[in-house]
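Each remark here refers to the structure printed beneath this line.
Computed from the coordinates by the stated procedures, all read-outs in this text should not be read as laboratory data. Note that the coordinates shown come from a computational prediction; the quantities given were computed from them, not determined experimentally. Here Cβ is always computed from backbone atoms with ideal geometry, including for glycine, and neighbour counts include all displayed protein chains.
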Amino acid sequence: MKKINRRSFLAAAGLTAAALALTACGGSASSTASSTASSAAVSTSAAAELTTVEAGKLTMATNATFPPYEMTTDSGEIEGIDVDTAKAIAEKLGLELQIDDMDFDAALLSVQQGKADIVMAGVTVTDERKAVMDFSDSYATGIQSIIVPEGSDITSPDDLAGKKIGTQRGTTGYIYCSDDFGDDAVVAYDDGLTAVQALKNGQVDAVVIDNAPAKEYVAANPGLVILDTSYAEEDYAIGMAKGSALEDAVNAALEELKADGTLQSIVDKYITAE
Ligand code: ARG
């Protein structure tokens, strides 16, 4: 009742993040460059009337600890699928993208408090969040995955009962696990990587987190595996304040980016199909 597609226990075998992203976005990867200029021109008239938190800018709240959607490079730059997508949307709206990096729970609040125009942070659409903020159309599918040490006796979501579960604070991973297994069973860390480090140190038995960052964390941390059975399936969308005047323009821009293949080419840039 609370969540759509909760505990769907879908077998993730063969369902890679790339495949999901492909399903979600459609379109071909090759048609980007030629169509950018003309579609930018189409949207410019609408942009003149847009009021944003800071004039002339599209302010995006995010939490850049979530590869490949948003991450911080060694040189301190923020990049990723959400960043490139937000840049493309801003361009279509005739605005300059301004990125505000903060904790994930703060990023959700930021739009609600009128401090940012959009939150783009691999944000899952949930009924609870829809009660306090608006969402654009979905731009990707997410999956809550379970990371365990190799050889763990946890082999399915049900095996999480009685275990300590690490999550990122404020995420659906935290919310689902505390609903299902109780608050005491779940530890909330500042970010996913810290949760994964706690797993490596034996402080938790499993980490529940979105599949795309899970794959990156596991690739960088030998000895960990992602279970084939997922915990939940979700939709990612752009969050805005309730009643935001930007919603139609953001959806129109997103629609164009889906249709002309830009979104797909951004996904392809950051997620290599296996
Ligand atoms: N999809 C999950 C949620 O919305 C986790 C998102 C975390 N994003 C981030 N940038 N740290 O709750």
Give me the one-decimal nm value for the distance between modelled label points at residue 220 and residue 184, 7 Å along each residue's Cα-to-Cβ direction.
3.4
Shape of the range 166-218, Cα gyration tensor, a/c cut at 1.5
oblate
Need one number: nm distance between label points at residue 128 and residue 150, each 7 Å from Cα along Cα→Cβ, rounded to one decimal.
3.6
For the pair residue 245/residue 259, report the inter-label distance in nm, with labels modelled 7 Å from Cα in the Cβ direction.
2.5
Protection proxy ranking, peptides 258-269, 194-205, average beta carbon neighbours within 10 Å, highest first:
258-269, 194-205
Greater than 18 Å separation of Cα atoms is the criterion. Which listed pairs, 57/115; 115/258; 57/269, meet it?
115/258; 57/269
Which shape class, rounded, prolate or oblate, goes with the range 220-274 when its Cα gyration tensor gives a ≥ b ≥ c as root eigenvalues, a/c under 1.5 marks rounded, and past that a/b bigger than b/c marks prolate?
oblate
With point charges of +1 on the Cβ of Lys and Arg and -1 on the Cβ of Asp and Glu, referenced to the Cα centre of the range 60-187, which listed residue (148, 95, 114) lies farthest in the positive direction of the dipole?
114
What does the charge dipole of the range 105-237 about its Cα centre add up to, to the nearest 20 debye, if the Cβ of each Lys and Arg holds +1 and the Cβ of each Asp and Glu holds -1?
400
For a test of the definition: using alpha carbon positions, the gyration tensor, and the 1.5 limit on a/c, classify the range 82-132 as rounded, prolate or oblate.
prolate
Which whole-number value in Å³ per residue fits the convex hull of the alpha carbons of the range 89-184?
142
Please report the relative contact order for the range 118-261, taking Cα pairs under 8 Å with a sequence separation of at least 6, and give it as a percent rounded to a whole number.
43
